[in-house]
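Since every read-out is calculated from the coordinates, none of them should be taken as a lab result. Only a predicted model underlies this, so the values are computations on that prediction, with no experimental measurement involved. Quick reminder, even Gly has a Cβ in these numbers, built from the backbone with ideal geometry, and neighbours come from all protein chains shown.
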Amino acid sequence: MKKIAYQNIDKLYGELASNLDLYMPIKKAGALNFEKYENGKEADIETLQTVKSVKDLFFPQVEHFVDFKTDGTKIDVIDTREIRSEFAIFGVRACDLKSLEVLDKVFLQEPVDSMYKNKRDNAVIFTLACQNPHASCFCKVFDIDASSPKGDVECHLTNGVLYLNPITEKGANLVNKLTCLEDATSESVDLNKQEIKAKIDALPFSNLDLSVFKGENLMELFDRKEWEELSKACLGCGTCTFICPTCQCFDVRDFKTNNGVKRFRCWDSCMYSEFTKMAAENPRKNQMQRFRQRFMHKLVYYPSNNGGLYSCVGCGRCVKKCPQSLNIVKVIKKLGDK
């Protein structure tokens, strides 16, 4: 285990960034998101949560991956996929790390998504334990331990000191190159873990009951009358899907230029009326059906197809960001009452 005084943290950032591209929570215009670290940018690892999750670094909101150049009847296909070399991500919370496991089961199964795989293979992830979890957090419900987030290097910020514990070989290889660190023992980290666990146990949503959300209850849950009531105030704005670390829906769009076509993929949302719309009709015709699809997928469909792994990590972003105060916690509580 290694450590560095928090007052010297810029030395760590600078040394990491001199070895490889470093991404971390950066504050810009009052919002905190993962961006590339450069001198002059305001890095912030004390604030618990970024607006959007670390998903953005592996599955970007917009990704340009192929061009078609035309010259008369001749068409050239140009591969524009970005090929990443090794890079580091610092300050990833346990919930966001768990979200990558959900995305892996989508993008790394055959046929493997080469753009996503390239980024996953080359990322060195420095996680950070959640010193002061929010009341909106409920990661414990999904067996996520915010006091011990793992990753390639697990970090703890306590009593003015940042502790770094390499977990994987590539994490150890990178940490061992850093000259600004000194050796440390684990006593302070062990105590910090106990304090965090106690805080998590006291959170209001830490004991939500998921027992009803099983594959064998699929049709019973699908037909529950409460969906109508729960969805009544939904605006279909898609905010919940765009800040969710596990949502993976996307569309592919072509844009015509003077001499060809540019093809992008971009995030889409099951909450939109245009989502999966076909020439004949839309399979989900009203907002209740779209609302139900979102939460049935996270709590029933996905875990039924992926060994019990839920497509929610309890980060609480939707709890805080929905303009109508509709979120997965309300769904769990309402449907779990019966």
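Return the aspartates and glutamates within reach of residue 214: Cα separation strictly under 16 angstrom, same-chain partners fewer than 8 residues apart disregarded; answer none if there are no such residues.
Partners found: 223, 337.
Residues with amide H under 5 Å of residue 161's amide H, sequence separation 5 or more or different chain, H placed in the peptide plane at 1.01 Å from N; which?
Counting only residues 5 or more places away or on other chains, the set is 6.
Aspartates and glutamates within cross-link reach of residue 199: Cα-Cα under 18 Å, excluding same-chain residues under 8 positions apart?
46, 143, 145, 190
Take 200, 125 and order them by how many other Cβ atoms sit within 10 Å, fewest up front. Don't skip to the end; give the middle numbers.
On the way: 200 19, 125 26.
Ordered from fewest to most neighbouring Cβ atoms within 10 Å, 200, 125 come out as 200, 125.
Using Cα pairs under 8 angstrom and six or more residues apart, how large is the relative contact order of the chain, in percent?
Values: 596 pairs, mean separation 69.3, N = 338.
After rounding, I find 20 percent.
Give the order of 242, 222 when sorted by the count of other beta carbons within 10 angstrom, beginning with the fewest. Write down the numbers at each step before the final one.
Details: 242 17, 222 13.
Lowest to highest Cβ neighbour count: 222, 242.
Mind scanning 225/333; 140/225; 262/285; 27/55; 298/333; 232/285 and naming the pairs with a C-alpha gap bigger than 20 Å? Intermediate results must be reported in sequence, preceding the final value.
Values: 225/333 14 Å; 140/225 29 Å; 262/285 31 Å; 27/55 17 Å; 298/333 15 Å; 232/285 14 Å.
Those over the limit are 140/225; 262/285.
Suppose we look only past 24 Å in the calculated P(r) of the stretch 52-181. What percent of the Cα-Cα pairs does that tail hold?
On the way: 3477 of 8385 pairs.
Here the long-distance tail beyond 24 Å is 41 percent of all Cα pairs in the stretch 52-181.
At 0.36 nm per residue, minus the direct Cα-Cα distance, what do residue 21 and residue 114 gain on full extension? Give it in nm, one decimal, please. Walk me through the numbers before you get to the answer.
On the way: separation 93, 0.36 × 93 = 33.48 nm, distance 2.02 nm.
Gain in length upon complete extension: 31.5 nm.
For the chain, modelled as a Gaussian network with Cα springs under 10 Å, which listed residue fluctuates most, 253, 317, 120?
Evaluated over the chain, the most mobile residue of the options is 253.
Compute the distance from the alpha-carbon center of the stretch 312-338 to that of the stretch 18-84, in whole Å.
Comparing the Cα centres of the stretch 312-338 and the stretch 18-84, I get a distance of 29 Å.
Which residue, 90, 59, 275, tops the fluctuation ranking in a GNM of the chain built on C-alpha contacts under 10 Å?
Of the options given, 275 has the highest mean-square fluctuation.
Need the full-extension length gain, residue 212 to residue 172, defined as separation in residues times 0.36 nm minus the C-alpha distance. One decimal, nm. Present the calculation step by step, with values, prior to reporting the outcome.
Numbers: separation 40, 0.36 × 40 = 14.40 nm, distance 4.18 nm.
In short, 10.2 nm is gained.
Which one of 199, 320, 256 has the biggest mean-square fluctuation once the chain is modelled by GNM with Cα springs under 10 Å?
256
Charges only on Cβ, +1 for Lys and Arg, -1 for Asp and Glu: so what's the dipole of the stretch 215-335 about the Cα centre, in debye to the nearest 20? If you can, show how the numbers build up before the last one.
Numbers: 21 positive and 11 negative charges, 91 e Å.
Here the size comes out at about 440 debye.
How would 156, 297, 134 line up from fewest to most surrounding beta-carbon atoms within 10 angstrom? Spell out each step's value before the answer.
Values: 156 27, 297 18, 134 14.
In increasing order of surrounding Cβ atoms, one gets 134, 297, 156.
Pop out the ³J(HN,Hα) list for the stretch 249-256 in order, Karplus 6.51 cos²θ - 1.76 cosθ + 1.60 with θ = phi - 60°, rounded to Hz; leave Gly and Pro as x.
Residue by residue, the stretch 249-256 yields 5, 8, 10, 10, 10, 10, 10, 7 Hz.
Quick one: if you stick a label point 7 Å off each Cα along the C-beta vector at residue 38 and residue 73, how many nm between them?
4.8 nm
Please give the contour-minus-distance gain from residue 1 to residue 194: 0.36 nm per residue of separation, less the Cα-Cα distance, rounded to one decimal in nm.
Values: separation 193, 0.36 × 193 = 69.48 nm, distance 1.81 nm.
Going from the current span to full extension adds 67.7 nm.
In whole Å, what is the distance between the alpha-carbon centres of the stretch 150-168 and the stretch 183-203?
12 Å
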